[in-house]
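No value in this document is a laboratory result; all are computed from the given coordinates. Predicted model only: the values in this text are computed from it and were never measured. With ideal geometry, Cβ positions are generated from the backbone for all residues, glycine too; neighbour counts draw on all protein chains shown.
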Amino acid sequence: MTETTKNSGEKLSVTPTKTLTLKRGGVEQGVVRQSFSHGRSKAVVVEKVKRRVAGPGEIKAEPAAAPDRGAAPKRAGAPAKATAAAAAPATAAPAIAPKSSGVVLRTLTEDERNARAHALADARQRETEERERAEEEARVRRSREEADRAERAAAEARKLNEEVRRKHDEETKRKADEVAKKRFGAETAVPAKPGARPALEADEDEAPRAARRGGSAAPRPAPAPKPTRGGGEKRRGRLTVVTALSADEVRERSVASFRRRVQRMTGHRDEPKEKIAREVTIPETITIQELANRMAERAVDVIRILMQQGHMAKITDTIDADTAQLIAEELGHTVRRVAESDVEEGMFDAADSPESLQPRAPVVTIMGHVDHGKTSLLDAIRSTEVAAGEAGGITQHIGAYQVTSPSGGRITFIDTPGHAAFTAMRARGARVTDIVVLVVAADDGVMPQTIEAIQHAKAAKVPIIVAINKIDKPDAKPERVRTELLQHEIQVESLGGDVLELEVSAKEKINLDKLLDTIALQSEVLELKANPNRPAEGTVIEARLDRGRGPVATVLVQRGTLKPGDIVVAGSEWGRVRALMSDTGHSVVAAGPSMPVEVLGFNGTPEAGDRLAVVDTEARAREIADYRDRQKREKMAARQTGMRGSLEQMMSQLKTSGRKEFPLVVKADVQGSIEAIIGALEKLSTDEVAARVIFAGAGGITESDITLAEASGAAVIGFNVRAHKEAREAAEQAGVEIRYYDIIYNLVDDVKKAMSGLLAPTLRETMLGNAAILEIFKVSKVGNVAGCRVTDGTVERGANVRLIRDNVVVHQGKLSQLKRFKDDAREVVAGQECGMAFENYQDMKVGDVIECYRVESVQRTL
């Protein structure tokens with residue numbers, strides 16, 4: 001049963017074996033799969049409606065009076081091809097002539113022809129634009145592919161220059177690429193998928209229905225086949241019906257999809273990057289993380305290399321420079337070794353050109369034994385009275401002065417102490433000097449400190465001028481001095497040697513001018529020169545903390561010129577020079593070579609003997625000072641903790657492990673005095689007791705010193721300084737003792753006495769007498785009592801006794817009771833009988849010998 005509706009032209013078909021369906025006639029459907037980037041695709045349904053063509057028997061006659069009203073043709077049984085309607089010319093307007101009825105169809109009007117022409121022109125124009133756009137995209141794609149090929153060629157050229165160790169990887173990659181190309185070529189050779197449906201079959205019911213209606217059944221055209229994945233150029237541009245149905249082009253795989261496919265086939269291996277060799281700066285110690293960062297390598301690679309060498313390490317562990325260098329070189333980097341001490345490079349001893357050198361004043365150090373007249377001789381030369389101001393009449397400070405010789409030249413003098421405790425001061429004076437004047441008293445001759453001064457001068461390799469002082473005394477013997485000097489390899493000119501010698505008197509000012517002329521002559525022979533037009537270098541002769549001016553350092557400039565405003569570094573202290581003071585107390589604008597000055601402006605008090613240098617910036621000065629301070633702290637910590645060293649050091653530590661310590665807090669006026677005090681106290685130390693200086697510094701005694709002394713149970717010693725008011729009050733409240741000294745002799749003696757009190761006293765036995773046991777008596781509430789006869793000496797109550805049996809000591813204790821005829825006795829003399837009872841001992845036998853003695857405690861001294 002089939003019925004066609006008149007209004008819509010749709011057929012309602014009822015078939016016993018099929019369900020009731022509503023189908024549209026003359027419509028073809030096709031499915032086109034559209035591909036996108038990253039491997040995505042989408043199925044697009046394309047419908048095409050065929051133009052209806054009038055068939056025989058479907059055209060009805062119309063009245064001639066109404067030619068404009070064309071007959072409404074019914075749906076054709078078989079639609080025509082889509083290109084037939086588009087290719088019909090606009091001039092072919094006459095209708096198709098009927099075969100049976102003879103009725104002529106109406107022709108196309110002018111408007112319809114124009115509309116069709118415009119539509120055809122628009123379609124052609126769109127096709128042209130799409131073609132041009134596709135060509136432009138093809139050109140861009142080709143240029144991109146050429147750039148990619150050029151880049152790949154450059155990468156291949158770089159790969160050829162790689163090291164031998166990467167050849168194995170390159171061979172593996174090449175083989176993998178060949179396998180991938182073979183597989184990919186086999187797949188792209190297939191024109192289409194095997195399971196693709198080439199075309200849609202015509203509906204089986206369409207032909208019989210058209211035959212019954214009297215029409216012809218034309219086959220429906222097949223849609224375009226599904227595109228294959230890969231091969232050919234990829235289509236670009238907008239997807240339209242025309243481009244979708246064109247059968248001459250096939251859609252291809254995207255570039256991103258192709259790259260992902262290659263990666264899957266090669267195992268997702270990234271192309272190795274070009275290795276960059278770097279210059280790695282390696283300090284003395286470095287952590288693994290820092291080393292990896294400097295090499296731009298992974299820390300796990302560094303740890304892997306260490307594990308291969310048998311060293312297990314973490315990322316935060318520290319390795320030495322040698323290990324770090326091996327790792328860096330194994331990874332293909334170059335190494336530049338540096339050390340922390342490199343911050344001091346270029347500070348000292350930079351060479352000067354010979355034409356820039358100019359003559360400078362000589363630096364003369366006066367050395368000799370204590371009380372031989374060194375300071376008095378310098379006072380006579382300078383017309384001052386420095387010796388009168390020294391406590392005890394001995395020099396305890398090192399001083400620097402500058403005088404004018406009779407010839408008009410300048411001479412710089414350095415006065416050193418002669419006491420045995422100031423060895424470091426004398427050595428420091430000998431290091432910075434050009435000439436040593438050895439002062440020997442004509443009445444005393446060569447003394448121990450004289451010999452030490454000769455050794456210092458020889459160690460410094462400086463010429464010696466012997467000044468035989470005190471020739472005005474009646475008992476002066478200059479010839480004895482010359483003879484004694486021969487024992488120490490000092491041969492004066494009068495005895496045929498090359499050492500200049502003079503007989504002088506500081507008190508009577510005899511031959512002082514000759515001494516200055518001799519010094520000037522010796523300096524001319526030495527040809528002393530220096531470059532004043534350069535940054536200054538010098539040595540700290542002495543340093544102290546002034547309450548009003550802050551840290552003050554006495555500096556001897558050796559090279560260059562020191563000016564206010566310069567940034568200086570001395571030891572672990574740095575600062576900017578605020579003022580320069582001469583030895584006479586006047587301010588100077590510049591200090592040239594061989595000139596002693598007092599420098600103000602340091603952040604802290606430098607140590608005597610530190611070398612001073614001018615640096616460019618505060619940053620470098622701070623860096624150098626921090627490095628030196630860190631080195632000083634490490635040395636101090638190592639000394640305090642007693643790090644294990646050689647076998648001898650371990651044995652010495654075992655010896656001193658149980659000794660007592662006498663803690664001290666030392667404050668002095670200058671650094672040189674502190675150095676001398678600490679050296680003298682260290683000499684007092686023994687295996688049983690030692691002086692331990694907890695803190696030593698220059699300046700007055702402050703409240704913080706009292707707090708430190710209270711916490712550590714130490715005594716406070718002030719040498720030529722006094723305590724502040726707050727410090728005195730804090731010491732009274734805390735019960736801390738403060739001792740003041742101005743002579744180093746007294747300080748050392750008092751500390752020696754205090755240290756002697758820490759020594760354990762010596763126990764000494766004094767034999768009193770012996771007694772023989774004649775009988776043993778048992779007394780109630782007392783126990784055994786020995787009846788004895790004193791054979792020699794005396795026996796005292798409360799004395800220590802030993803019980804001897806067969807010449808073997810069986811008991812040692814004290815007498816609890818001593819009786820004579822039932823009365824308590826204080827002592828029993830030889831020949832008398834007595835009764836004795838021991839403390840906590842009852843096993844006495846007849847015939848035993850009792851030895852009685854007294855134990856005395858004797859205090860020891862150092």
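Please list, ordered by chain and number, the residues whose modelled amide H lies under 5 Å from the amide H of R278; skip anything fewer than 5 residues away on the same chain.
T334
List the GluC sites (Glu not before Pro) in segment 771-862 that DSSP assigns to loop (not H, G, I, E or B) and whose Cβ has at most 16 other Cβ atoms within 10 Å. Which are they?
E839
Tally Lys and Arg at +1 and Asp and Glu at -1 over the other residues with C-beta under 15 Å from the C-beta of A772: what net charge comes out?
-2
Just to confirm a number: summing +1 for Lys and Arg and -1 for Asp and Glu over residues other than D823 whose beta-carbon lies under 14 angstrom from that of D823, what do you get?
Around D823, the surrounding residues sum to +2.
Long-range amide H contacts for K660: which residues qualify at under 5 Å (H placed 1.01 Å from N, peptide plane, sequence gap of 5 or more or a different chain)?
Here V689, A690 satisfy the definition.
Quick one: length gained pulling S780 to V31 fully straight, 0.36 nm per residue minus the C-alpha distance?
256.2 nm
Exactly which GluC sites (Glu not before Pro) in segment 300-367 are in a DSSP loop and have at most 10 other Cβ atoms within 10 Å?
Passing sites in segment 300-367 are E345.
In nm, to one decimal, how far is the R659 label point from the K509 one, both placed 7 Å along Cα→Cβ?
It works out to 5.2 nm between the two label points.
Contour minus end-to-end for D629 and A579, with contour as 0.36 nm per residue of separation and end-to-end as the Cα-Cα distance?
Stretched out fully, the D629 to A579 stretch lengthens by 15.5 nm.
For segment 303-313, take each phi angle, set θ = phi - 60°, evaluate the Karplus expression 6.51 cos²θ - 1.76 cosθ + 1.60, and give the result in whole Hz per residue in order, putting x for glycine and proline.
Per-residue couplings from phi come out as 5, 5, 5, 5, 5, 5, 8, x, 10, 8, 8 Hz.
Measure off 7 Å from each Cα along the Cα-to-Cβ vector at R820 and E178, then give the distance between these two points in nanometres to one decimal.
Taking the two extended label points, one gets 12.7 nm.
Grab the beta carbon distance between T794 and L684, set R0 = 41 Å, and tell me the FRET efficiency rounded to 0.05.
Computed FRET efficiency for T794 and L684 comes out at 0.45.
Around G601, which amide H atoms from residues at least 5 apart in sequence, or from another chain, sit under 5 Å from its own amide H, with H modelled in the peptide plane?
R578
What net charge is computed for the residues neighbouring A760, neighbours being all others with C-beta under 15 Å from the C-beta of A760, Lys and Arg scored +1, Asp and Glu -1?
Computed value for this residue: 0.
Here is the link list: K458/K563; K181/K275; K42/K182; K632/K667; K781/K845. Which ones come out longer than 31 Å on Cα distance?
In this structure, K458/K563 exceed 31 Å between Cα atoms.
From the phi angles alone, apply the Karplus equation (6.51, -1.76, 1.60; θ = phi - 60°) to segment 836-851 and give each ³J(HN,Hα) in whole Hz, x where the residue is Gly or Pro.
Listing the rounded values in order: 10, 10, 9, 7, 6, 8, 10, 7, 10, 10, 5, x, 6, 10, 9, 9 Hz.
Can you give me the distance in nm between label points at Q125 and R158, each placed 7 Å from the Cα along the Cα-to-Cβ direction?
Each label point lies 7 Å from its Cα, and together they span 5.1 nm.
With r as the distance between the Cβ atoms of R722 and N533 and R0 = 56 Å, compute the FRET efficiency 1/(1 + (r/R0)^6) and round to 0.05.
The formula returns an efficiency of 0.80 here.
Could you list the trypsin sites (Lys or Arg not before Pro) in segment 788-845 that lie in coil according to DSSP, counting only those with at most 15 other Cβ atoms within 10 Å of their Cβ?
K822, R826, K845
Given R₀ = 22 Å, FRET efficiency for D806-Y853 by Cβ-Cβ distance, to 0.05?
0.65
Roughly speaking, what is the stretch gain from A460 to N603, that is 0.36 nm per residue apart minus the C-alpha to C-alpha distance, in nm to one decimal?
Fully extending the segment from A460 to N603 adds 48.4 nm.
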